[in-house]
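Here is the structure we will look at.
The values are calculated or read from the model by the stated rules, or taken from the named source; none is laboratory data. Remember, it's a predicted structure, so these values are computed and weren't measured experimentally. Heads up, the Cβs are rebuilt from the backbone with ideal geometry, glycines too, and the neighbour counts pull from every protein chain shown. The area values use the complete protein model at the heavy-atom level, side chains included, leaving out ligands, DNA and RNA. Shrake-Rupley method; radii C 1.70, N 1.55, O 1.52, S 1.80 Å.
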Amino acid sequence: MKTLFDKVWDSHVVDSVTDGPQVLYIDTHLIHEVTSPQAFQELEERAIPIFRPDQIFATADHNTPTLNQHLPVEDPLSRKQLQQLSENCEKHGISLFELGHMNNGIVHVMAPEQGITQPGKTMVCGDSHTSTHGAFGAIAFGIGTSQVAQVFASQCLLLTKPKSMRVTVNGDLAPGVLPKDVILYIISQIGTNAGTGYFCEYAGDVFEKMSMEGRMTVCNMSIEMGARGGMIAPDQTTFDYMQGRPYAPKGEEWEAKLAYWKSLPTDSGASFDKEFHFDAADIKPMITYGTNPGMGMGLGELIPNSDDASFKKSLDYMGLEAGSNLMEMPINFVFIGSCTNSRIEDFRVAADYIKGKRKADNVTAWLVPGSKQVESQIDREGLRDIFTEAGFEIRQPGCSACLAMNDDKIPQGEYCVSTSNRNFEGRQGQGARTILASPLVAAATAIEGKIVDVSKQLN
Amino acid sequence: MEKFDRLISRAVPLAVDNVDTDQIIPARFLKATDKKGFGDNVFRDWRYDGEDQPIPGFPLNDSTYDGQILVAGDNFGCGSSREHAAWALVGYGFKVVISSYFADIFKGNSLNNGLLPIQVSPEFLERLFDAVKQDPSTQLVVDLEKQLLRTEDKTLQINFEIDPYKKMCLINGYDDIDFLISKKDKIEAFETKKY
């Protein structure tokens, strides 16, 4: 009796070191401009060739501008990193979706939409949100640059098998409660290090009924509770999403893979090292009030009190007080984007709410699609007009204000309601204060110019 | 990678929980394409204000403290996978980080760069903070071979866990690449069978 995680992991073990780690085979290696240059350099210095270049896919995302992408990148350091990625990929025969390419986008948005992400695969990337791809029933996790070099050299990693945990959420979600709220709720309940040393499987009605986009949002934030990755068993929703995508198997190969994928879900009776259970009815639309994603609460709830020095430091940075509820709090910046919430479904939810309304005058609202493909979907579905008429600014794809490596920065001291994954100090710019939320809460904030309880509006 | 065997040093206390790698090295410094120079910007926004003036009271700006050992709060190194965080700590001169909990990727990145993460119990960590704060000249002894961390006067001591393979790598200054390449035959054989 095996778990989904066991099945995928065990089938990829090439060798084991006695009393030590295992050699795990990696099917797909995703790279981007920020965490790969030193790995290419390492190989070059040691005269080691890239072992399996055809199993590597590259994209430019962290440093890319979201305006005027047809022009040369202004920032010289960013331009150098992007150029280096292009040169390295060219030199080593690696597929690259560079800036301007029709498949360009955030690595965790691009790979699933191209069909590169598949159930049963092992996937890595020098980015902690690689856990996103677990939505398909893949073992996907973030690695450091030394490990990027190891995968370049051998298509393998030396790893100790993590322990397993399962988070089960059963029941029906209330109107206005989105996948982002589900994962923010889970992290607020179990804490930011509950998953450290574990790989997490999400199970139960809520995830079974969720779209692939929603599952990606949930798995994406697994790292925010410390887990190496999160997974959801592949099912018909997964297969329907994948079929016909450019890199997905076709014809007979599709049939063969499908049979394999259907064998992956956790056997009934398989055991986990740690389990958590939640009731969907307890989950409200969420916001965060602190400087880690575990510091979250339902809309309208009160910021808790604590004597802990780190907790106080966090509230101090945010300029917030224990006991307050943040409702009606004025907000000048809204960001809808990032590998957590920049897929078409996120923009549909936002557009649905925004349609026929106008954003508040005090708000600067950036909408940043996760990829060129999402950008063109926004156009095809007529969402651009809705956003533009409401005063929102649709930018070009990239990581953007999620980590503010490009020009999209929130000013010192300002609050931003953001659909991204991290509310760390300075994450969206030096001194910026991030409040994490779903695309619905972010859209409502932009319209009202302040945080409002969307669940009251919907009811 | 530099070899690690034994270290005797004073320590710098950073009693903050959940220190994420964005704080260890903010994103705007990740544009470099080599591993050098990150030490100058370690904890940049906690060390310096908007005018690049040192922020008083931050332990790295406090001449009371010194040494190659960072004693940090719970859940150190969470967040981004950026190995730049380990490069920054090593670049600044740290060889050991002590905490009651390390995030997985940070721990791996540290071990791959000769920075030893030592996990201790929350109670021991509290006592260590107290000892270093009461007497900043306290010398800590780290003996990797014996997996032992103690104060030089032995009033505090604890054995720590480390994966035996990783211990061997640190002591010998090895990294994983050579080991993995030595497995190439097995890897190629694995590729032919697949699943």
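The table below gives the values:
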| read-out | value |
| --- | --- |
| Segment A:402-439: number of residues that are away from every other protein chain (no Cβ under 11 Å) and either among the basic types (Lys, Arg) or within 18 Å of A:Asn104 (Cα to Cα) (or both) | 1 |
| Candidate set: segment A:114-163, residues that are surrounded by fewer than 24 Cβ atoms within 10 Å (Cβ to Cβ), more than 10 Å from every other protein chain (Cβ to nearest Cβ) and not in a loop (DSSP other than H, G, I, E, B); chosen: the one farthest from the chain's Cα centre (by Cα) | A:Lys163 |
| Checking B:Glu51 against (1) in a loop (DSSP other than H, G, I, E, B); (2) more than 24 Å from A:Tyr317 (Cα to Cα), the condition it does not meet | (2) |
| Evaluation of B:Arg28 against (1) out of contact with any helix residue (DSSP H, G or I) (no Cβ under 7 Å at 6 or more places or on another chain); (2) surrounded by 14 or more Cβ atoms within 10 Å (Cβ to Cβ); (3) away from chain A (no Cβ under 13 Å) (one fails), failing number | (3) |
| Qualifying residues in segment B:92-113 (those that are within 18 Å of B:Asp175 (Cα to Cα) and more than 11 Å from chain A (Cβ to nearest Cβ)) - the one surrounded by the fewest Cβ atoms within 10 Å (Cβ to Cβ) | B:Lys95 |
| Complete set of residues in segment A:216-244 that are in a helix (DSSP H, G or I), in contact with a Phe, Trp or Tyr (Cβ under 9 Å, 6 or more places away or on another chain) and over 26 Å from B:Arg82 (Cβ atoms) | A:Thr238, A:Phe239, A:Tyr241, A:Met242 |
| Odd one out for A:Asn325, checked against (1) open to solvent by 30 Å² or more (accessible area, probe 1.4 Å); (2) farther than 23 Å from A:Ala360 by Cβ; (3) away from every other protein chain (no Cβ under 14 Å) | (2) |
| Which numbered condition A:Leu99 misses (of (1) touching a Ser or Thr at 6+ places or on another chain (Cβ under 6 Å); (2) within 14 Å of chain B (Cβ to nearest Cβ)) | (2) |
| Segment A:364-385: number of residues that are assigned to a helix (DSSP H, G or I) and touching a Gly at 6+ places or on another chain (Cβ under 8 Å) | 3 |
| Residue in segment A:43-55 that is under 23 Å from B:Arg82 (Cβ atoms), within 14 Å of another protein chain (Cβ to nearest Cβ), in contact with an Asp or Glu (Cβ under 7 Å, 6 or more places away or on another chain) and part of a loop (DSSP other than H, G, I, E, B) present | no |
| Close pairs from segment B:159-179: first facing chain A (nearest Cβ under 9 Å), partner polar (S, T, N, Q) and open to solvent by 60 Å² or more (accessible area, probe 1.4 Å), Cβ under 8 Å, at least 6 apart | B:Asp163/A:Thr160 |
| Residue among A:Glu301, A:Glu321, A:Glu275 that is outside any loop (DSSP other than H, G, I, E, B) and either more than 25 Å from A:Thr196 (Cα to Cα) or in contact with a strand residue (DSSP E or B) (Cβ under 7 Å, 6 or more places away or on another chain) (or both) | A:Glu275 |
| Complete set of residues in segment A:441-459 that are open to solvent by 20 Å² or more (accessible area, probe 1.4 Å), farther than 17 Å from A:Leu302 by Cα and assigned to a loop (DSSP other than H, G, I, E, B) | A:Asn459 |
| Check on A:Ile223, under 19 Å from A:His108 (Cα atoms), within 14 Å of another protein chain (Cβ to nearest Cβ) and hydrophobic (A, V, I, L, M, F, W, C) | yes |
| Which listed residue, of B:Asp74, B:Asp34, is within 13 Å of chain A (Cβ to nearest Cβ), touching an Asp or Glu at 6+ places or on another chain (Cβ under 7 Å), open to solvent by 20 Å² or more (accessible area, probe 1.4 Å) and in a loop (DSSP other than H, G, I, E, B) | B:Asp74 |
| Unmet requirement for B:Leu116, which otherwise passes all of (1) touching a residue at least 12 places away in the same chain (Cβ under 8 Å); (2) open to solvent by 30 Å² or more (accessible area, probe 1.4 Å); (3) in contact with a Ser or Thr (Cβ under 8 Å, 6 or more places away or on another chain); (4) more than 10 Å from every other protein chain (Cβ to nearest Cβ) | (2) |
| Among the candidates B:Thr192, B:Thr155, residue that is within 27 Å of A:Thr122 (Cα to Cα) and more than 10 Å from every other protein chain (Cβ to nearest Cβ) | B:Thr192 |
| Residue count, segment A:228-257 (criterion: closer than 17 Å to A:Glu201 by Cα and either modelled with pLDDT under 95 or touching a Lys or Arg at 6+ places or on another chain (Cβ under 6 Å) (or both)) | 1 |
| Flag for A:Asp361 being among the acidic types (Asp, Glu), in a loop (DSSP other than H, G, I, E, B) and surrounded by fewer than 24 Cβ atoms within 10 Å (Cβ to Cβ) | yes |
| Every pair of residues 6+ apart whose Cβ atoms lie under 8 Å, when the first sits in segment A:73-93 and is farther than 16 Å from A:Gly398 by Cβ and within 13 Å of chain B (Cβ to nearest Cβ) while the second is in a helix (DSSP H, G or I) and open to solvent by less than 60 Å² (accessible area, probe 1.4 Å) | A:Gln84/A:Pro37; A:Gln84/A:Phe40; A:Asn88/A:Pro37; A:Asn88/A:Phe40 |
| Count - residues of segment B:119-139 that are within 14 Å of chain A (Cβ to nearest Cβ) and aromatic (Phe, Trp, Tyr) | 1 |
| Test: residue in segment B:80-91 that is within 21 Å of A:Tyr317 (Cβ to Cβ), of a type in the set (Lys, Arg), open to solvent by less than 20 Å² (accessible area, probe 1.4 Å) and within 11 Å of another protein chain (Cβ to nearest Cβ) | yes |
| Test result for A:Cys219, open to solvent by less than 10 Å² (accessible area, probe 1.4 Å) and farther than 24 Å from A:Val349 by Cβ | no |
| Output for segment A:341-358, where each listed residue is assigned to a helix (DSSP H, G or I), surrounded by 24 or more Cβ atoms within 10 Å (Cβ to Cβ) and in contact with a Pro (Cβ under 6 Å, 6 or more places away or on another chain) | A:Asp346, A:Ala350 |
| Matching residues, segment B:1-30, being part of a loop (DSSP other than H, G, I, E, B) and modelled with pLDDT of 95 or more | B:Arg10, B:Ala15, B:Val16, B:Asp17, B:Asn18, B:Val19, B:Ile25, B:Pro26, B:Leu30 |
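Here's the yes/no breakdown for (1) surrounded by fewer than 19 Cβ atoms within 10 Å (Cβ to Cβ); (2) out of contact with any Gly (no Cβ under 8 Å at 6 or more places or on another chain):
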{"residue": "A:Met1", "(1), (2)": "yes, no"}
{"residue": "A:Leu4", "(1), (2)": "no, no"}
{"residue": "A:Ser16", "(1), (2)": "yes, yes"}
{"residue": "A:Gly20", "(1), (2)": "yes, yes"}
{"residue": "A:Val23", "(1), (2)": "no, yes"}
{"residue": "A:Leu30", "(1), (2)": "no, yes"}
{"residue": "A:Val34", "(1), (2)": "no, no"}
{"residue": "A:Gln38", "(1), (2)": "no, yes"}
